[in-house]
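In what follows, a single structure is set out as structure tokens and then discussed.
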Amino acid sequence: MSVIIALDIGGTQIRAASYKPGVTIATLVKKIPTKSRENSPFERVVSAITSIWPKDEEVICISAAIPGPVNPETGVVISAPNIPGWDKFPLVQMLQERFNVPVYIGNDANLAALGEWRFGAGHGHNNVLYFTISTGIGGGVISDGHLITGAHGMATELGHVTLLPDGPQCGCGGMGHFEALASGTAIANYVAGKLAAGTPSRLTPGPNLNARSIADAAREGDALALEAYSRAGHYIGLAVANYLAIFNPSIVIFGGGVSFSGDLLFEPMHKTLKNCVMDPAYLENLEFATAKLGDDAGLLGALALSIYKTKHDN
Ligand SMILES: [Zn+2]
């Protein structure tokens with residue numbers, strides 16, 4: 001027997017899991033913190049792999065989801081803002097030298113798209129548009145059965161297109177990006193700004209002001225909270241209309257915590273989408289779905305990448 005080792009490397013935690021070929025339930029899962037005083041994040045990754053390395057079975061490959069852009073050709077992590085030292089970091093080469101098996105890496109949002117396509121809500125589709133809406137906005141696109149990665153692995157940064165040139169500043173430094181208008185952070189910042197300007201609301205400024213508390217207030221009828229979700233939903237509709245014109249998907253999948261707010265976000269989204277889509281034909285038979293893989297999106301995305309690489313490289 002043989003196993004595939006999948007890794008979900010995050011800023012706070014590394015999850016490692018081993019899978020038998022053809023099985024999506026992990027045989028073994030191990031979680032360890034990414035940062036420690038004793039050793040580097042790379043050494044933490046090595047210990048996570050070593051802790052689940054099988055005693056008497058062959059390892060087919062190691063496949064990892066990375067929280068930042070990666071170059072799939074060179075195996076270099078271009079940047080990972082939450083992992084110290086991982087700037088132009090040659091992760092694939094270093095892991096291959098250590099473990100002597102093929103190593104594949106991908107951006108976590110791209111791999112979540114790949115995982116949803118292979119094992120989740122996108123199964124059976126060949127053209128998938130996937131968004132994860134949480135503190136930021138990430139995404140991935142499957143086009144004609146291929147994961148789009150681009151010339152340097154930096155394609156489909158769906159959250160970092162400009163929707164409002166004079167709009168608020170984005171986490172990346174740009175102005176008026178989709179993420180700065182519709183992420184959980186954007187919703188909270190919008191409400192904080194309105195509260196500071198004296199808009200009446202049951203919400204109060206402070207650490208408890210976040211996308212979830214604002215969704216709760218919106219469900220209780222708070223006008224400012226409703227407006228904040230309606231505004232975010234509007235920008236999601238605008239972004240989706242643009243992406244439909246580029247990718248013409250047959251399904252749009254939403255993952256990430258903010259997407260659990262449901263109709264608060266998606267009613268205004270559909271309204272704007274209908275008004276802004278270039279041709280109603282884009283909406284014919286277009287499915288909308290919520291992501292199915294939840295917390296396992298990273299691991300199952302990495303597993304999907306190993307299957308995808310084995311198929312496309314041979
Ligand atoms: Zn940005």
Of all residues in segment 263-314, which are under 18 Å from ALA239 (Cβ atoms) and outside any helix (DSSP H, G or I)?
-> VAL277, MET278, ASP279, LEU286, GLU287, PHE288, ALA289, THR290, ALA291
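Can you go through LEU163, LEU158, LEU195, LEU181 and tell me which one is more than 16 Å from the ligand (Cβ to nearest atom), at pLDDT 95 or above and either in contact with a His (Cβ under 7 Å, 6 or more places away or on another chain) or among the aliphatic types (A, V, I, L, M) (or both)? Spell out the reasoning first.
Working: LEU163 fails: more than 16 Å from the ligand (Cβ to nearest atom); LEU158 fails: more than 16 Å from the ligand (Cβ to nearest atom); LEU181 fails: more than 16 Å from the ligand (Cβ to nearest atom).
Answer to the selection: LEU195.
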Which of the residues spanning segment 1-25 are closer than 21 Å to LYS311 by Cβ and not hydrophobic (A, V, I, L, M, F, W, C)?
-> SER2, SER18, TYR19, LYS20, PRO21, GLY22, THR24
Residue by residue through segment 189-212, note down the ones that are under 22 Å from the mean Cα position of the chain (by Cα) and over 20 Å from LEU238 (Cβ atoms).
-> ASN210, ARG212
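Can you pull out the strands (runs of 3 or more DSSP E) entirely within segment 1-52 that have at least 1 residues that are acidic (Asp, Glu)?
Working: elements: 2-9, 13-19, 28-33.
Hits in segment 1-52: 2-9.
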Regarding ALA186, is this residue within 16 Å of the ligand (Cβ to nearest atom), in contact with a Pro (Cβ under 6 Å, 6 or more places away or on another chain) and not β-branched (Val, Ile, Thr)?
-> no
Filter segment 63-103 down to residues that are within 25 Å of PHE254 (Cα to Cα) and of a type outside the set (S, T, N, Q), then give me how many there are.
-> 10
Inside segment 97-152, counting only strands (runs of 3 or more DSSP E) that do not spill past its ends, which hold 1 or more residues that are out of contact with any helix residue (DSSP H, G or I) (no Cβ under 8 Å at 6 or more places or on another chain) and not aliphatic (A, V, I, L, M)?
-> 103-107
Pick out the one residue from GLY140, GLY159, GLY153 that is within 30 Å of LYS309 (Cβ to Cβ), in contact with an Asp or Glu (Cβ under 9 Å, 6 or more places away or on another chain) and in contact (Cβ under 8 Å) with a residue 60 or more places away in the chain.
-> GLY153
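Can you tell which of GLY256, GLY294 is exposed (fewer than 14 other Cβ atoms within 10 Å of the Cβ), small (Gly, Ala, Ser) and on the phi > 0 side of the Ramachandran plot?
Numbers: GLY256 fails: exposed (fewer than 14 other Cβ atoms within 10 Å of the Cβ).
When all the criteria are applied, what remains is GLY294.
Condition test on ILE137, is it within 14 Å of the ligand (Cβ to nearest atom) and of a type outside the set (Asp, Glu)?
Values: within 14 Å of the ligand (Cβ to nearest atom): yes; of a type outside the set (Asp, Glu): yes.
Judged against the criteria, ILE137 is a match.
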Please find, within segment 7-37, the residue that is surrounded by the fewest Cβ atoms within 10 Å (Cβ to Cβ) out of those that are farther than 14 Å from ALA302 by Cβ and of a type in the set (S, T, N, Q).
-> THR12
When you scan segment 158-246 for helices (runs of 4 or more DSSP H) that lie fully inside it, which ones turn up with 2 or more residues that are closer than 30 Å to ALA281 by Cβ and in contact with a Gly (Cβ under 8 Å, 6 or more places away or on another chain)?
-> 178-182
Selection from segment 53-77 of residues within 20 Å of the chain's Cα centre (by Cα), more than 18 Å from VAL101 (Cβ to Cβ) and part of a loop (DSSP other than H, G, I, E, B) yields PRO67, GLY68, PRO69
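The values are calculated or read from the model by the stated rules, or taken from the named source; none is laboratory data. Every value quoted in this text rests on a predicted model; they were computed, and no experiment measured them. When we count neighbours, we look across all protein chains shown, and the Cβ atoms used for this are built from the backbone with ideal geometry, even at glycine.
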